[in-house]
Amino acid sequence: MTHAIVVNKPGGPSALRWKQIDTPEPGKGEVALRTAAVGLNFIDTYHRKGLYPLPTPFTPGVEGVGVITKLGKGVTGYKIGDRVACVSEPMGAYAEERVFPANKLLKLPKDISDQAAASMMLKGMTAAMLVRRVYRLSKGDTVLIHAAAGGVGLILTQWAKALGATVIGTVGSPAKARLAKARGADHVINYNKQDFVASVARLTKKEGLPVVYDSVGAATFPGSLDCLKPRGLWVTFGNASGPVPPVAPLTLMQKGSLFMTRPMLNHYITDPAEFKNLAGELFSVVRKGAVKVEVNQTYALKDAKQAHADLEARKTTGSTLLIP
């Protein structure tokens, strides 16, 4: 027997139950893993609450690192004892032991620690997708990054600076403003005290921006659209304040023939070669020190309920880990 967090019915943090479960056995093409660390992400709260409905019961978690303990039939390229990372689908990382498809694993380099990998696989790979695939940032770009002191936001800010961009970040408190500034943001806007649309207009001399990275959702819509220059791109990739309402195509035309996209990491790493290439770009900027992934909070896995409550109360910064 082993333990996992199980959700029997969608709801608040109390829906996360620490339960004893049968030790999973790998099937064909799968491996069994002993979990070393799990990354906490906002998408975990969406699954828990039912914003993204799932069959119940389920075990949440889309980012983790573990050690292979068993190989299923037909698995090649891996051996027992290998350190590997799991990201995106299938979920189920909130478990002491789990199984995972071998063709979706990423073998970790020796110089990337378990905790570093668990803290950056989803957030770091999301940042990589955003700045290297969704909109290829380049020197001279000026960008707006909402929630710049959050897990993805801090990585995005550092990576954008490393690419030569000017970063405008939004935050919700003076402490988070200091953190974003310390990680390279050129301009930081506390959206609880300032109108971020007016601030962006002033900073860009009303020219607007080529791209806005928006993980906040309802609270920053439609303001994010008003920060873009004609033919600019609004990248909405999260719903921290609630889902964005339907957007009429005519609105995009009226605001400057704008583009919008709602990217999902899984669609950018389905092909194993694409997965490894994108991960390689992430590991490269981390090795160079251009991006530092900070674990600012750690909880026991069995205390996931408290971790979720703190995340939703905006009490966390950077990355948060759950440790079995």
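Rounded to the nearest whole angstrom, the semi-axes of the ellipsoid equivalent to region 139-262, taken from the Cα gyration tensor as √(5λ), stand at 21, 16, 13, largest first. Cα gyration tensor of the chain, axes a ≥ b ≥ c as square roots of the eigenvalues: rounded (a/c below 1.5), prolate (a/b > b/c) or oblate? Verdict is prolate for the chain. Dipole of the chain computed with +1 at Lys/Arg Cβ and -1 at Asp/Glu Cβ about the Cα centre; of Ser224, Phe237, Leu209, farthest Cα towards the positive end is Leu209.
For the chain, averaging the sequence separation of C-alpha pairs within contact (under 8 Å, six or more residues apart) and dividing by the residue count gives a relative contact order of 18 percent.
Rank Ile189, Ile269, Ile21 by mean-square fluctuation in a GNM of the chain with C-alpha springs under 10 angstrom and give only the top-ranked residue. So, out of Ile189, Ile269, Ile21, the one fluctuating most is Ile21.
Among the listed pairs Lys123/Lys181; Lys49/Lys161; Lys123/Lys206, which are separated by more than 27 Å between their Cα atoms? Pairs exceeding the cut-off: Lys49/Lys161; Lys123/Lys206.
All distinct Cα pairs of region 200-301 go into the 1/r average, and the inverse of that average, the Kirkwood radius, is 16.2 Å. Rounded to the nearest 10 degrees, the angle from helix 272-287 to the longest Cα principal axis of the chain is 70 degrees. Indicate the gyration tensor shape class of region 121-166 (rounded, prolate or oblate), computed on the Cα atoms with a ≥ b ≥ c the square roots of the eigenvalues: a/c under 1.5 is rounded; otherwise a/b larger than b/c is prolate and the rest oblate. Oblate, because a/c is 1.5 or more while a/b does not exceed b/c.
Here the extension length gained between Arg202 and Ser241 equals 11.5 nm, from 0.36 nm per residue of separation less the Cα-Cα distance. Excluding same-chain residues fewer than 8 positions from Lys302, which aspartates and glutamates have a Cα within less than 13 Å of its Cα? Excluding near neighbours in sequence, the set is Glu96. Hey, with R₀ at 22 Å, roughly what FRET efficiency would Thr251 and Ser173 work out to, going by the Cβ-Cβ distance, to 0.05? Plugging the Cβ-Cβ distance into 1/(1 + (r/R0)^6) gives 0.10.
Bear in mind that the values in this text are calculations on the coordinates, not laboratory data. Worth saying up front: this structure is predicted, and the values here are computed from it rather than measured. All Cβ positions, glycine included, derive from the backbone under ideal geometry; neighbour counts span all protein chains shown.
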